[in-house]
């Protein structure tokens, strides 16, 4: 009797294992699901010109937008952009709320512990921006001053290193530069390309040399190796056929 019960339990366990395996196989990888739907969902914070912003007609525009649309075309899918605060994109990617994130993410060891990075697609760094009438020439002049920087960025990390400065952390660079323009803040720390985009407005200037050198990459949930490989292959393809160079030229990067 005991033998028969044991055999029945083993058979039941085997059946459960087979069912679980079949369910997993049917579910497929994230890349399989993306190709089946024909759509890849992407976490993005459109407040980071020239990489991502909302155009005059309400459409999403920018270097990241054009580049990922081109990569997705190589993969045979379309992009569905999901707007969220920059600081929330990593968590949304980890949880599967979105398939991936692309929003000017700098490659850092901390983030590499949370998500997987694609091959870098752009090189940048952090710059200090002040008003045109400011006498601030470098980070050394910021003691007792107020710095505005977007929450969750590598710019925030660099601003926190500046001794004697007060750091305020709004959820977007649009707000940070508004604070600078309204003299609520004395400086902004931002990616070089973003800094230069706001400098073009004519009210601001860069102060001193860049604070850092960084590389941008796309992010996926850890373990999504097939998706990561597809993104890297797409990036290589748009570089090889001249599309990447054309996008860089379009956005003056």
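Bear in mind that the values in this text are calculations on the coordinates, not laboratory data. Quick caveat, the model's predicted, so the values are computed rather than measured. All Cβ positions, even for glycine, are placed from backbone atoms using ideal geometry, and neighbour counts span all protein chains on display.
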Quiz prompt | Cβ-Cβ FRET estimate between residue 138 and residue 95, R0 fixed at 41 Å, reported to 0.05 | solution = 0.50
Practice problem: Report the paramagnetic label zone for residue 248: residues of the range 192-229 whose backbone N is under 19 Å from a point 7 Å from Cα along the Cα-to-Cβ axis. | Solution: 192-197, 213-218
Quiz item: Where in the range 175-211 does the label zone of residue 146 land, with the point 7 angstrom along Cα→C-beta and an amide N cut-off under 15 Å?
Solution: 175-189
Quiz item: Rounded to the nearest 500 deg cm²/dmol, what is the calculated helix-only ellipticity per residue at 222 nm for the chain, with -39500 (n - 2.57) per DSSP H run of length n ≥ 4?
Solution: -13000 deg cm²/dmol
Quiz item: Going 7 Å from the Cα of residue 108 in the Cα-to-Cβ direction, what parts of the range 178-196 have a backbone nitrogen less than 19 Å from that spot?
Solution: 188-195
Quiz item: For 184, 129, what's the fewest-to-most ordering of other Cβ within 10 Å of each Cβ?
Solution: 184, 129
Exercise. Please identify, among 160, 241, 64, the residue showing maximal mean-square fluctuation in a Gaussian network model of the chain using a 10 angstrom Cα cutoff.
Key: 241
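Pull out a ≥ b ≥ c, the square roots of the eigenvalues of the alpha-carbon gyration tensor of the range 126-212, then state rounded if a/c is under 1.5, prolate if not and a/b is larger than b/c, and oblate in the remaining case.
It is rounded, given that a/c, with a ≥ b ≥ c, falls under 1.5.
For a quick check: sort 131, 221 by the number of other beta carbons within 10 angstrom, fewest at the front.
Numbers: 131 18, 221 22.
By the 10 Å Cβ count, ascending, the order reads 131, 221.
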Exercise. Mind giving me the FRET efficiency for residue 163 and residue 88? R0 is 30 Å, r the Cβ-Cβ distance, nearest 0.05 is fine.
Key: 0.50
Quiz prompt | Structure-derived Kirkwood radius over Cα pairs in Å - corresponding label in (1) 19.0; (2) 20.1; (3) 18.3 | solution = (2)
Practice problem: Could you list 34, 71 in order of exposure, starting from the residue whose Cβ has the fewest other Cβ atoms within 10 Å? | Solution: 34, 71
Quiz item: Top mean-square fluctuation among 49, 109, 170, Gaussian network model of the chain, C-alpha springs under 10 Å?
Solution: 109
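Relative contact order, percent, of the range 126-212 when contacts are C-alpha pairs under 8 Å separated by at least 6 residues?
Working: 175 pairs, mean separation 39.6, N = 87.
That works out to 46 percent.
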Quiz item: What residue among 147, 40, 162 shows peak mean-square fluctuation when the chain is described by a Gaussian network model with Cα springs under 10 Å?
Solution: 162
Self-check item: Antiparallel %, DSSP beta bridges [both residues in the chain], to 5
Solution: 60 percent
